[in-house]
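Take a look at the structure below.
The values are calculated or read from the model by the stated rules, or taken from the named source; none is laboratory data. Computed from a prediction, not measured in an experiment: that's the story for all the values here. All Cβ positions, even for glycine, are placed from backbone atoms using ideal geometry, and neighbour counts span all protein chains on display. Areas reflect the complete protein model, heavy atoms only, side chains present, ligands, DNA and RNA absent. Shrake-Rupley method; radii C 1.70, N 1.55, O 1.52, S 1.80 Å.
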Amino acid sequence: MKMTIPSFLRSLCTAIALSFAAPTVLADAYNARLPDEINSAPDLCSYAPCAEVLPGATAFTERKGRPFYVEGYAEREGKRELVGYVMLSTDITDIPAYSGKPVITLIGMDAQGHFAGVKILKHSEPILLLGIPESAMVRFNEQYLGKFVGSNIEVGRTRPGEDVIGLDAISGATVTVIAQNQVMMTSGAAVARQVGILEPVVREPARLKETGATLDWATLVREGSVKRLTVRPEQVGLPRDGGEPFIDLWFGYLNQPDVGRAILGEGAWRNLMARLDDTEHAIFVIRSGGQESFKGSGFVRGGLYDRVQIRQGSDTFTFRDLDYYNLYNVAAAGAPAYSESAIFIVRPEHQGASFSGAYPWKFVFLGNRVDRATGQRSFANFDTEFWIPAHYLEGGRPVIRKPTPTWLRVWQTRALEIGLFATLLVTVAAVYANRDRLTRASTHKNKWPVNAFKYTAWVISIGYVGFYLMAQPSITQVLTWFHALLFQWTWELFLTDPFIFLFWIFIIVTVFLWGRGLFCGWLCPFGSLSELLYKIGGWVGLKRYQFKLPKPLHDKLKWVKYAVFFGLLAVSVLSMTLAEMLAEVEPFKTTFLVGLFNRSWPYTLFAAGLLGLSIFIERPFCKYLCPLGAALAMPSTFRWFGLKRKQECDSCKACAVGCGSLAIDKDGRIDQRECLLCLDCMVLYTDDHGCPPLAQERKRRTKAGLPLTPIGADGYYIPIKPVAAAKPASA
Amino acid sequence: MVNPTMPTDPVEPPYAASGTLGLIAAELWDHLWPWSRAAFAGQKAHWRALQAAGLALAAGATLMWVLAAMGRLEAGAIIGWWFGWSVFEVIVRLGSKPYVKEGPWWGRRYRKAGLMDMVCYVGFKNLLIGATLFIALKSAGLLVL
Ligand code: SF4
Ligand code: SF4
């Protein structure tokens with residue numbers, strides 16, 4: 001029983017998506033279809049515009065080196081002269097950008113190691129599709145031109161004291177450019193090291209320790225001297241085959257005497273070691289499952305094994321026929337049955353790099369993956385890390401500095417801003433938790449105790465959160481989660497945007513505590529801007545033009561936002577790209593991320609129209625259109641702590657008339673899905689001049705000369721209980 | 001006279017007065033089982049037919065998860081089924097257990113469910129159930145995307 005989304009439906013969606021995009025932006029490289037050969041053909045430059053990134057070069061070699069690059073030559077006075085090198089980023093690294101997919105970049109570098117050209121061939125960044133024009137990315141890349149690949153180039157400020165060259169980020173696409181910078185620097189350095197522009201990384205050789213222990217297979221596996229690499233068929237886009245792996249490999253490092261002897265047996269191990277000099281390293285591989293050959297069927301004498309390699313840091317080691325020895329027998333007791341085997345020799349000096357058994361390395365199986373939806377092939381690498389157990393090294397494992405992951409760098413570089421933002425969130429929650437004190441200090445004529453806090457929150461959220469941090473939550477994030485939940489949940493992806501990450505924690509917590517009102521009513525940058533405009537409109541004398549839709553009409557229109565939400569959800573299942581585009585129903589990107597005046601007129605008109613309308617109707621977008629508001633309203637049904645009501649609310653209209661959100665019905669009930677927690681009705685609740693039943697009681701008591709007791713939590717005066725007269729003292 | 005402290009009229013489900021453990025068990029049962037015998041007995045013929053159809057659909061949805069667990073179904077199909085079932089569950093529950101909880105989840109206040117209340121309840125509950133099963137299947141390696 002199989003049911004997939006029909007491919008014609010997918011294509012239709014993509015077509016619609018593209019026709020949307022075409023008139024508005026030039027999304028050249030967005031999900032561009034590249035020829036399959038670009039990944040594999042020796043002649044890279046027949047498929048990629050190499051000459052564009054290496055000006056002056058007229059002839060290019062085939063792919064060479066590990067990782068790959070090509071040389072570009074010019075003809076000068078009849079002589080061929082080296083101009084520089086061109087590399088395809090995905091040949092070297094697969095660092096993903098915001099979309100979780102790499103930005104495929106063609107990079108040119110001159111013979112002295114200066115960047116000569118950068119061209120993005122394909123990317124999947126939604127933010128560059130709509131919103132930020134691709135030209136911004138082009139401009140970002142232009143900053144590399146002429147810079148030396150060995151310099152310390154970072155996104156951010158230039159810090160001459162620390163020798164750091166800064167690049168200007170693209171606001172709103174920080175994650176994308178940080179990833180892009182890593183790709184540029186990793187790729188450039190990998191090639192520069194191979195061609196001798198940069199010094200190769202020198203790693204201390206391992207000082208191996210012999211323990212004399214006799215090891216069986218199970219022990220070897222347990223202590224990590226033998227490792228496993230399993231590739232399942234579905235990982236390469238093939239149908240599952242009853243649990244049978246695509247390939248199942250075991251491998252280990254033979255130079256360590258105890259391990260080498262255990263695997264090969266004493267005699268064979270001595271023989272092998274006698275043939276190696278001290279910079280050379282032996283690795284064994286056996287295949288215990290699967291049909292696929294790791295030596296490759298296309299292997300010819302004198303050629304290269306193209307399915308397996310070793311990586312240490314940014315150095316890659318490949319094997320030629322002379323680096324291969326037969327493995328006749330695995331001596332260790334309990335070893336699995338195997339159907340293919342090899343001993344490979346890592347010969348670093350052939351590749352201008354150093355390999356050290358003391359440091360971790362990766363055994364890599366290179367496969368092809370066929371995308372089931374599009375049929376496109378792409379490279380897929382599968383690897384398992386190996387690090388020799390500490391007890392086999394004199395002095396234990398060396399200390400290594402892992403490169404900081406992208407997301408962590410973002411948190412580090414923006415620590416101050418993150419701290420301020422977190423403080424804002426906590427403060428607003430704390431203020432709201434103490435709402436009772438504020439509402440009691442206010443009256444229907446003077447709501448400043450509440451409003452001072454709320455308006456401050458608005459202003460900060462508009463200026464700091466919205467315009468400065470660009471941390472406007474959006475429905476596309478909700479859709480992205482749905483997808484991440486289904487396909488692949490990577491914390492890194494969410495952590496790379498610290499503000500959005502923290503904002504969502506706040507939203508989830510407060511929606512369950514109090515409902516969506518605290519976010520929508522107090523902190524949503526667009527919502528705040530919208531209501532602030534309404535208030536300003538009132539203050540500057542436009543009050544008589546301000547109006548509410550009649551309640552019956554409002555009660556119909558409020559459902560529209562739910563339809564918008566469910567519509568987007570449904571579309572996103574078919575095509576995330578189309579859903580991202582339709583999510584433009586949120587004017588957030590136009591308002592905060594890109595700026596009202598930087599977008600094509602339909603977007604500007606829409607956003608400006610909504611904001612203009614907000615001067616006359618309170619929050620029209622929030623009430624009727626916002627899919628995010630709808631998505632948050634639904635769980636608000638089950639918020640834990642609602643607002644207070646008293647019995648008389650059923651006939652009194654005072655609160656309902658004052659409710660800007662039209663959330664109070666004719667029976668005085670509050671619709672928690674619509675309420676934005678403005679607290680106006682809570683001010684009335686304890687205001688003995690504003691709340692009619694309270695006012696009545698106040699007058700009654702005053703007339704009768706009774707004291708005005710404080711107002712209790714139930715919203716009534718605390719009843720006057722006659723204190724029982726003291727008992728007469730017994731005689 | 002309406003009670004304005006709740007968004008809809010208060011309701012007492014049959015188990016509202018049971019002890020803490022009994023209440024937890026009854027609520028758990030309520031989340032997983034949309035039908036109620038009382039409602040079934042007291043309803044008109046077409047309602048009963050609808051309930052029966054619902055049972056069939058539920059059986060289908062269960063079978064779907066079993067198939068998924070056997071690695072025989074793709075994600076698109078699972079989502080489709082789960083969504084379809086959820087729509088039906090809303091209708092069934094409006095007939096059989098037309099109430100939702102009000103206020104803290106550990107409290108004992110219930111109220112009559114309007115259509116939107118029910119949509120929110122079923123949507124939210126089934127999202128959690130679906131996500132749990134999905135993650136379980138995926139981490140067990142039975143569902144690969
Ligand atoms: S309804 Fe939408 S725009 Fe309005 S405050 Fe809520 S999230 Fe923001
Ligand atoms: S007046 Fe009361 S019900 Fe209306 S939005 Fe404000 S807090 Fe909510």
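In segment B:10-139, what is the count of Lys pairs whose alpha carbons are under 22 Å apart, counting only pairs at least 8 residues apart or on separate chains?
So the count works out to 8.
Have a look at A:664, B:94, B:51 and report the one farthest towards the positive end of the charge dipole of the protein assembly as shown, computed about the Cα centre with Cβ charges (Lys/Arg +1, Asp/Glu -1).
Final value for the positive-end residue is A:664.
Rounded if a/c is under 1.5, else prolate if a/b beats b/c, else oblate: with a ≥ b ≥ c from the C-alpha gyration tensor eigenvalues square-rooted, which is chain A?
The shape class here is prolate.
I want the local charge near residue A:336. Using Cβ-Cβ distances under 13 Å, sum +1 for each Lys or Arg and -1 for each Asp or Glu among the other residues.
Every neighbour counted, the sum reads -1.
Longest exposed-loop-site-free stretch of chain A, with GluC sites (Glu not before Pro), DSSP loop and at most 13 other Cβ within 10 Å?
Value returned for the longest uninterrupted segment is A:395-731.
Tell me, what HN-Hα J-couplings in whole Hz come from the Karplus equation 6.51 cos²θ - 1.76 cosθ + 1.60 at θ = phi - 60° for each residue of segment A:66-73, using x for Gly and Pro?
In residue order, the calculated couplings are 9, x, 5, 7, 10, 9, x, 10 Hz.
Mean separation of Cα pairs under 8 Å and 6+ residues apart, divided by the residue count of chain A: what relative contact order is that in percent?
Worked out over chain A, it gives 10 percent.
For chain A, what does -39500 (n - 2.57) per DSSP helix run (n ≥ 4), summed and divided by total residues, give at 222 nm, in deg cm²/dmol to the nearest 500?
My calculation for chain A gives -10500 deg cm²/dmol from helical runs alone.
Only helices at least 24 Å long along their axis, Cα-based, and averaging 1.6 or more on Kyte-Doolittle count here, so list those DSSP H runs from chain A.
A:415-433
About its Cα centre, how strong a charge dipole does segment A:199-315 have in debye, to the nearest 20, once Lys and Arg get +1 and Asp and Glu get -1 at the Cβ?
Value, rounded to 20: 140 debye.
Could you run the Karplus curve 6.51 cos²θ - 1.76 cosθ + 1.60 with θ = phi - 60° over segment A:705-711 and give me ³J(HN,Hα) per residue in whole Hz, x for Gly and Pro?
3J(HN,Hα) across segment A:705-711, in whole Hz: x, 8, x, 8, 6, x, 8.
Counting only heavy atoms of protein chains, what accessible area per residue, in Å², does segment B:10-139 have with a probe of 1.4 Å?
Accessible area per residue: 51 Å².
Of the peptides A:467-478, A:319-330, how do they stack up when ordered by the mean number of other Cβ atoms within 10 Å, highest first?
A:467-478, A:319-330
Take every DSSP beta bridge with both residues inside the protein assembly as shown and express the antiparallel ones as a percent of the total, to the nearest 5.
Antiparallel bridges make up about 95 percent of those DSSP assigns within the protein assembly as shown.
Enumerate the amide H contacts of residue A:230 below 5 Å, restricted to partners 5 or more residues apart or on another chain; note that Pro and chain-start residues carry no placed amide H.
A:249
Considering only DSSP states other than H, G, I, E and B, which trypsin sites (Lys or Arg not before Pro) in segment A:187-224 qualify as loop sites with at most 16 other Cβ atoms within 10 Å?
A:207, A:209
Can you list the residues, at least 5 places off or on another chain, whose amide H is less than 5 Å from the amide H of residue B:11, using H built in the peptide plane?
Amide H to amide H, under 5 Å and 5 or more residues apart or across chains, residue B:11 pairs with B:110, B:111, B:112.
Looking at this model, which pairs from A:402/A:589; A:623/A:699; A:64/A:589; A:644/A:721 are more than 32 angstrom apart at the alpha-carbon?
A:402/A:589; A:623/A:699; A:64/A:589
Carbon and sulfur atoms: what percent of the 1.4 Å accessible area of segment A:409-644 do they account for?
Exposed carbon and sulfur together represent 73 percent of the surface.
Net charge near residue A:125, counting Lys/Arg +1 and Asp/Glu -1 over other residues with Cβ under 10 Å of its Cβ?
With Lys, Arg at +1 and Asp, Glu at -1, the neighbours total 0.
What is the dipole size for segment A:409-644, taken about its Cα centre, with +1 at each Lys and Arg Cβ and -1 at each Asp and Glu Cβ, in debye to the nearest 20?
1140
Under 17 Å Cα-Cα from residue A:79, which aspartates and glutamates qualify once same-chain neighbours fewer than 8 residues away are excluded?
The reachable aspartates and glutamates, counting only those whose Cα sits under 17 Å from residue A:79, are A:71.
If you take every residue apart from residue A:358 with its C-beta less than 13 Å away from the C-beta of residue A:358, what net charge results, scoring Lys and Arg +1 and Asp and Glu -1?
Charge balance in the 13 Å sphere: +2.
Kindly identify segment B:10-139 as rounded, prolate or oblate by the Cα gyration tensor criterion: order the square roots of the eigenvalues as a ≥ b ≥ c, call it rounded if a/c is under 1.5, otherwise compare a/b with b/c, prolate if a/b is larger, else oblate.
Oblate shape, in that a/c is at least 1.5 and b/c is the bigger or equal ratio.
State whether segment A:28-194 is rounded, prolate or oblate according to the following rule on the C-alpha gyration tensor (a ≥ b ≥ c being the square roots of its eigenvalues): a/c under 1.5 gives rounded; otherwise a/b larger than b/c gives prolate, and the remaining case gives oblate.
Note, shape of segment A:28-194 comes out oblate.
At a 1.4 Å probe radius, which order do B:133, B:21, A:276, A:167 fall into by accessible area, largest first?
So the residues, ranked largest to smallest area, are B:21, B:133, A:276, A:167.
Need one number: buried accessible surface between chains A and B, 1.4 Å probe, both sides summed, DNA, RNA and ligands left out, in Å² to 100.
Interface between A and B: roughly 3400 Å².
Under 5 Å between amide H atoms, partner at least 5 residues away or on a different chain: which partners does residue A:69 have, H built in plane at 1.01 Å?
A:64
Give me the 1.4 Å probe accessible area per residue for chain A, excluding ligands and nucleic acids, in Å².
46
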